[in-house]
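Engineer: Got a structure for you, written out below as structure tokens; questions coming shortly.
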Amino acid sequence: MNSSVPVTMLDVARAAGVGVATVDRVINRRAAVRPQTAQRVLEAAEQLGFRRVGLIRSRVVQDSRPRRLGFLLQSRRTPFYRSFAAGLAAAARQGEPPVECLIEHLDDLTPRHVAARLGRMAQQVDAVALVAADHPTINQAIEAVVAQHQLPVFACVSDLTTQALAGYVGVDNRKMGRMAAWLLSRLCPAASKVALLLGSHRYLCQEQCEISFRSYLREAAPQVHVLETLVSLEDPQLAQNAALELLHQHPDLAGIYVAGGGIEGVIDALRDTPQPQLVTVCHDLTDITRQALLDGSVTAVLSHPLPAMARALCDAMQLALESRSSPQRWQTLVPFELFTAANV
């Protein structure tokens with residue numbers, strides 16, 4: 001072909017025996033293309049000296065290997081995230097077809113660090129899911145990743161407000177907060193005082209739990225007095241200190257709802273200062289909260305169904321990859337589980 005005339009997608013399409021739309025799908029990954037067809041497009045592009053042959057080659061190589069899903073989770077020291085990571089790895093292996101997964105745990109949860117780790121992971125995977133606070137720096141990083149790498153990004157456990165998200169997979173936190181309020185309103189005395197402990201208001205899941213918890217009590221049990229919300233910053237030691245101070249200042253306290261991280265510290269505080277009549281509701285069944293149910297330190301646990309949530313997240317990420325030509329928001333709400341000493 002005359003080297004002075006630029007090679008177009010139409011030229012490549014004719015040489016490969018496909019339509020221009022197929023060449024566009026290979027280049028921009030707008031939809032799945034059969035490997036044999038993508039290979040023909042690559043060979044035609046190489047033969048004609050098409051200027052975007054390098055991109056086509058990288059697309060063909062990426063599409064010929066198993067898909068890789070990336071997950072940014074919080075600290076490995078937290079039992080919940082260790083269990084969630086195991087569920088994600090199992091879901092990836094058992095998928096049809098199986099996919100590879102890259103799981104990273106973050107100890108530094110500052111927005112700049114999370115944003116930087118997200119940017120690095122985006123270069124290694126086909127889709128990303130993360131658990132993060134709703135912060136402008138993190139949302140901006142998600143928007144940059146989507147624009148630059150054209151890969152879907154999902155929020156899990158806690159939703160985010162950026163419109164660039166491909167979707168959210170988690171529980172209905174409004175219902176979870178209302179269920180906690182329902183339990184406390186029925187298990188505590190008619191006119192009582194209850195406390196609420198969060199990890200951080202930056203996590204939409206916890207903010208939604210707080211709002212719905214207070215809303216239900218305001219509507220259905222106005223005689224229950226909810227104290228000012230305490231914040232633990234997801235730190236067990238801070239949570240323990242807050243719980244000890246709470247028990248000291250309010251000896252008539254009837255109930256506690258722990259809607260965020262740090263439950264380990266709260267359990268330690270309750271064991272140090274036994275309150276046999278205190279009703280305690282928290283999130284997520286782990287070895288620690290299971291034992292607390294059995295010894296009476298905790299009354300009820302509202303839990304994410306981790307295997308089901310991991311499977312739903314992997315499925316949603318796969319669907320998003322297969323539907324690039326018609327992007328949409330994939331939202332999956334999995335029902336939470338309720339545990340007491342009677343069913344663990």
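Engineer: Identify all residues within segment 142-157 that are open to solvent by less than 20 Å² (accessible area, probe 1.4 Å) and not in a strand (DSSP E or B); write none if there are none.
Structural biologist: Across segment 142-157, the qualifying residues are 142, 145, 151, 152, 157.
Engineer: Also, quick follow-up: Can you name every one of the helices (runs of 4 or more DSSP H) wholly within segment 53-138 that holds 2 or more residues which are modelled with pLDDT under 90?
Structural biologist: Where helices (runs of 4 or more DSSP H) fall fully within segment 53-138 and carry at least 2 residues being modelled with pLDDT under 90, they are 53-64, 79-94.
Engineer: For segment 268-285, what are the residues that are crowded, with 19+ Cβ neighbours inside 10 Å and at negative phi?
Structural biologist: Those that are crowded, with 19+ Cβ neighbours inside 10 Å and at negative phi: 268, 269, 270, 278, 279, 280, 281, 282, 283, 285.
Engineer: Checking residue 184 against (1) over 21 Å from residue 78 (Cα atoms); (2) open to solvent by 10 Å² or more (accessible area, probe 1.4 Å); (3) modelled with pLDDT of 95 or more, which single condition isn't satisfied?
Structural biologist: Residue 184 satisfies all of (1) over 21 Å from residue 78 (Cα atoms); (2) open to solvent by 10 Å² or more (accessible area, probe 1.4 Å); (3) modelled with pLDDT of 95 or more except (2).
Engineer: May I ask you to say which residue of 276, 236, 251 is closer than 23 Å to residue 107 by Cβ and at pLDDT below 95?
Structural biologist: So the residue among 276, 236, 251 that is closer than 23 Å to residue 107 by Cβ and at pLDDT below 95 is 236.
Engineer: Please go through segment 158-179 and give me each residue that is in contact (Cβ under 8 Å) with a residue 60 or more places away in the chain and either over 17 Å from residue 302 (Cβ atoms) or open to solvent by less than 10 Å² (accessible area, probe 1.4 Å) (or both), ordered by number.
Structural biologist: 165, 166, 167, 168, 169, 170, 171, 176, 177
Engineer: Looking at 321, 270, which is the one that is in contact with a strand residue (DSSP E or B) (Cβ under 8 Å, 6 or more places away or on another chain) and under 27 Å from residue 91 (Cα atoms)?
Structural biologist: From the options 321, 270, the qualifying one is 321.
Per-residue answers, yes or no, for (1) buried (at least 19 other Cβ atoms within 10 Å of the Cβ); (2) without any contact (Cβ under 8 Å) to a residue 12 or more places away in the chain; (3) touching a Leu at 6+ places or on another chain (Cβ under 8 Å):
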{"site": "196", "(1), (2), (3)": "yes, no, yes"}
{"site": "199", "(1), (2), (3)": "yes, no, yes"}
{"site": "215", "(1), (2), (3)": "no, no, no"}
{"site": "228", "(1), (2), (3)": "no, yes, no"}
{"site": "252", "(1), (2), (3)": "no, no, no"}
{"site": "259", "(1), (2), (3)": "yes, no, yes"}
{"site": "266", "(1), (2), (3)": "yes, no, yes"}
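The values are calculated or read from the model by the stated rules, or taken from the named source; none is laboratory data. The shown structure was predicted, so the numbers you read here are calculated from the model rather than taken from an experiment. So basically every Cβ, Gly included, is an ideal-geometry build from the backbone, and we count neighbours across all protein chains shown. Heavy atoms of the whole protein, side chains included, go into the accessibility calculation; ligands, DNA and RNA do not. Shrake-Rupley method; radii C 1.70, N 1.55, O 1.52, S 1.80 Å.
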